[in-house]
Amino acid sequence: MFVTILKSKLHRVKVTQAELNYVGSITIDEDLMDAANLLENEQVHIVNNNNGERLVTYVIKGERGSGIICLNGAAARRAQVGDIIIIIAYAMMTTEEAQGFKPTVVFPNDNNRLVIW
C-alpha cells in the first residue's frame, strides 16, 4: 500500500508577482527550490493565508537569489502581491518508507530569503 506524505514545504513566503497573462504555474526563486527540495515542473499545492484560497499547480524556476514568488495564469486570480502563502509538495511512498521519512520544511524570512542560523 502507498500513502501520500508531506515531502517539502515553503512556509509563509510572500507573493512578489501575479502574472495573469501567462500559461500557468508558480515561479519560485531557485535558491528556495533547492532548499525545499522542489523540482522544476513538480506539482505543488498553494495555500493562501490571506484569503483561504487553495490551488494545485506546478513549479517553474525563478532567478536564483531574487526572492521571486510569482503566481502565473489563472492562479494569479487567487492571490495578490504581498499575500502570504504556503507551498506544499507531497510524495507517495510505502508505509514502511513513510515511517522513517523526514520532510523538508523551509521558513524563509519576510523577503523570501533563506535564513542561516
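The values are calculated or read from the model by the stated rules, or taken from the named source; none is laboratory data. Here the structure is a predicted model, which means the values were calculated and not measured. FYI the Cβ positions are ideal-geometry reconstructions off the backbone, even for glycines, and counts take in every protein chain you see.
So which residues in the range 67-92 are assigned to a strand (DSSP E or B) and either farther than 24 Å from Leu114 by Cβ or basic (Lys, Arg) (or both)? Steps first, please.
First, pick out the residues of the range 67-92 that are assigned to a strand (DSSP E or B): 69-72, 84-92.
Matches in the range 67-92: Met92 only.
Within the range 43-66, can you find the residues that are under 17 Å from Asp29 (Cα atoms) and in contact with a helix residue (DSSP H, G or I) (Cβ under 8 Å, 6 or more places away or on another chain)?
Residues satisfying the conditions are Ile46, Thr57, Val59, Lys61, Gly62, Glu63, Arg64, Gly65.
Residues in the range 20-38: is at least one within 30 Å of Gln99 (Cβ to Cβ) and free of Cβ contacts under 8 Å to residues at least 24 places away in the same chain? If you could, list the steps in order and put the result at the bottom.
Within the range 20-38, the subset within 30 Å of Gln99 (Cβ to Cβ) is 28, 32-38.
Filter once more, keeping what is free of Cβ contacts under 8 Å to residues at least 24 places away in the same chain: 34.
Among the residues of the range 20-38, at least one is within 30 Å of Gln99 (Cβ to Cβ) and free of Cβ contacts under 8 Å to residues at least 24 places away in the same chain, which makes the answer yes.
Quick one: in the range 3-37, which of the residues that are assigned to a strand (DSSP E or B), among the small types (Gly, Ala, Ser) and over 10 Å from the mean Cα position of the chain (by Cα) is farthest from Tyr90 (Cα to Cα)? Show your work before the answer.
Of the residues in the range 3-37, the ones assigned to a strand (DSSP E or B) are 3-14, 17-19, 25-29.
Imposing the further condition that a residue be among the small types (Gly, Ala, Ser) reduces the set to 8, 18, 25.
From what's left, over 10 Å from the mean Cα position of the chain (by Cα): 18, 25.
Working: Ala18: 24, Ser25: 17 Å.
That would be Ala18.
I need a count of the residues in the range 6-38 that are modelled with pLDDT under 95 and either in contact with an Asp or Glu (Cβ under 7 Å, 6 or more places away or on another chain) or buried (at least 16 other Cβ atoms within 10 Å of the Cβ) (or both).
Total meeting the criteria: 2.
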